[in-house]
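Remarks on the structure that follows.
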Amino acid sequence: MPHPLCGCNTDRESPNAEEIRKYSRMSIFLLLFGVSAVPISLEFKCKKCGQIFDRLNEEELRTFKY
Ligand SMILES: [Zn+2]
């Protein structure tokens, strides 16, 4: 299935896609100690138009390579 695009045809693989990661408090605590943590959400925002056009679903969050 193709990934969603923003209004100017940026997809999550594009260099114009910016990852916006949100972490829980517990994850932020782990990150302070250099432990890698899985974000609670990861959205993709277009650097050109500022639109958030895609996000990982729960399964993708678990399997995404950070
Ligand atoms: Zn765009």
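Side notes on the structure shown:
- Subset of segment 1-39 (residues that are touching a strand residue (DSSP E or B) at 6+ places or on another chain (Cβ under 7 Å) and over 20 Å from Gly50 (Cβ atoms)): Pro39
- Pair list, Cβ < 7 Å and 6+ apart or interchain, from segment 1-18 residues that are among the hydrophobic types (A, V, I, L, M, F, W, C) to residues that are surrounded by fewer than 17 Cβ atoms within 10 Å (Cβ to Cβ): Leu5/Asp11; Cys6/Cys49; Cys6/Gln51; Cys8/Lys48; Cys8/Cys49; Ala17/Asp11
Coordinate-derived values only; no laboratory data. Just so you know, these numbers come straight off a predicted model, no measurement behind them. Every residue, glycine among them, receives a Cβ derived from its backbone with ideal geometry; neighbour counts consider all protein chains shown.
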